[in-house]
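Comments concern the structure below.
Derivation of every value follows stated rules applied to the coordinates shown; laboratory data play no part. Keep in mind that what you see is a predicted model, and the values were worked out from it rather than measured. Note: ideal-geometry Cβ built from the backbone for every residue, glycine included; neighbour counts use all protein chains shown.
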Amino acid sequence: MTTVVSHKVRVWGQALRPRTLPAAVGPVLLGQALVLPGHFSWLTAVLCLACALALQLAVNLANDLFDGLSGVDQHDRLGPTRALQAGWLSAGELRAGLAVTLGIAVATGLWLVLFGHWLLWLLGGLALLGVLGYSGGRRPYANRGLGEVAVWGFFGPVAVLGSLLAQQSPITPEAVAAGLLVGMPVAAILVVNNLRDRHTDARAGKITLAVRMGPEATRRLFALLAAGPLAATLPLGLSTWAWAGWGTTGLLALGLIRELQRRDGAALNPLLGMTALYSLAVAIWLGLRLASGNG
């Protein structure tokens, strides 16, 4: 009995893909860092984070479920093994897990909506549609080359500005800039994923940007998304910490870009978690850079 339970825990742990969670944490932390004095609430901040994490986990389960049912995931899949594809979890079990994670997201989101800005109703509805429509439904938008755009939007402006709206904090130009920039390295995670899967996706009729653009242009897109926030926040002043933070984050970006140029296929898998961690580093850098108001 203990062995069976332990196996199920491991299976669910793999299906939930916790290595992607830094991508959800970073934009929310950035948004909270930009809340103006007098508006910050720890309870609201924790609920924002819980909602973002639940939505990320729901996306992971939805992708496992819908890609397995649609036939996108086959025996020659290059990415980490999917639970439905491998037969570790049934479609019913994944649907139950998806219902639980979405339930947590809705419960925390309702609290935020009730005590935050009315626009959160709109953002919350879009987020739910984004989770279910990415790889589910008759015409998943991931199959139409819109995945990276959606990830940038939800993990950029929606996450950052939604955090401010939840805290009823005014939206400043700095917050808008932060939202536009922080989604870029998160979208880069999907670029890695789609570069790896371009051959199997094309065979299954899943026309991602990597399928449309080809490998070389896709690698250039990754470089743009990874380095874009750093190029936009060059430390123009004389602050030592600004140069140190920018330089450290820049070295991380260069390392990822270099590795992406060298790798292909299953060898790209480690870069998924590394890029997720990099997106968190960018969010922290942006939070320090923009909240400080100096160079």
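A compact table of results
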{"item": "Total residues in segment 229-270, condition among the hydrophobic types (A, V, I, L, M, F, W, C) and farther than 29 Å from PRO80 by Cβ", "result": "10"}
{"item": "Of all residues making up segment 245-292, the number that are of a type in the set (Ser, Thr, Tyr) and loosely packed, with under 14 Cβ neighbours inside 10 Å", "result": "2"}
{"item": "The listed residue being within 20 Å of the chain's Cα centre (by Cα) and not aromatic (Phe, Trp, Tyr), out of GLY145, GLY137", "result": "GLY145"}
{"item": "Selection from segment 203-249 of residues that are within 26 Å of PRO140 (Cβ to Cβ) and either in contact with a Pro (Cβ under 8 Å, 6 or more places away or on another chain) or basic (Lys, Arg) (or both)", "result": "ARG203, LYS206, ARG212, ARG219, ARG220, LEU225, ALA226"}
{"item": "Condition met for VAL11 (more than 30 Å from ALA202 (Cβ to Cβ), of a type in the set (A, V, I, L, M, F, W, C) and either buried (at least 22 other Cβ atoms within 10 Å of the Cβ) or touching a residue at least 40 places away in the same chain (Cβ under 8 Å) (or both))", "result": "no"}
{"item": "Residue within segment 138-158 that is buried (at least 22 other Cβ atoms within 10 Å of the Cβ), over 19 Å from LEU65 (Cβ atoms) and in contact with a Cys (Cβ under 6 Å, 6 or more places away or on another chain) present", "result": "no"}
{"item": "Complete set of residues in segment 233-266 that are of a type in the set (S, T, N, Q) and farther than 21 Å from LEU290 by Cβ", "result": "GLN261"}
{"item": "Residue within segment 77-88 that is under 29 Å from GLY162 (Cβ atoms) and out of contact with any Lys or Arg (no Cβ under 8 Å at 6 or more places or on another chain) present", "result": "no"}
{"item": "Members of segment 133-150 that are closer than 20 Å to LEU180 by Cα and outside any loop (DSSP other than H, G, I, E, B)", "result": "GLY147, GLU148, VAL149, ALA150"}
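The rows are residues; the columns are (1) surrounded by fewer than 20 Cβ atoms within 10 Å (Cβ to Cβ); (2) under 19 Å from GLY255 (Cα atoms); (3) in contact (Cβ under 8 Å) with a residue 24 or more places away in the chain.
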position: ILE207; (1), (2), (3): yes, no, yes
position: THR218; (1), (2), (3): no, yes, yes
position: LEU221; (1), (2), (3): yes, yes, yes
position: ALA231; (1), (2), (3): yes, yes, no
position: LEU234; (1), (2), (3): yes, yes, no
position: TRP243; (1), (2), (3): yes, yes, no
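Conditions (1) over 28 Å from SER169 (Cα atoms); (2) of a type in the set (Lys, Arg); (3) within 18 Å of the chain's Cα centre (by Cα), marked per residue:
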{"site": "PRO18", "(1), (2), (3)": "yes, no, yes"}
{"site": "VAL25", "(1), (2), (3)": "no, no, yes"}
{"site": "VAL28", "(1), (2), (3)": "no, no, yes"}
{"site": "LEU36", "(1), (2), (3)": "no, no, no"}
{"site": "SER41", "(1), (2), (3)": "no, no, no"}
{"site": "THR44", "(1), (2), (3)": "no, no, no"}
{"site": "LEU49", "(1), (2), (3)": "no, no, yes"}
{"site": "LEU55", "(1), (2), (3)": "no, no, yes"}
{"site": "ASN63", "(1), (2), (3)": "yes, no, yes"}
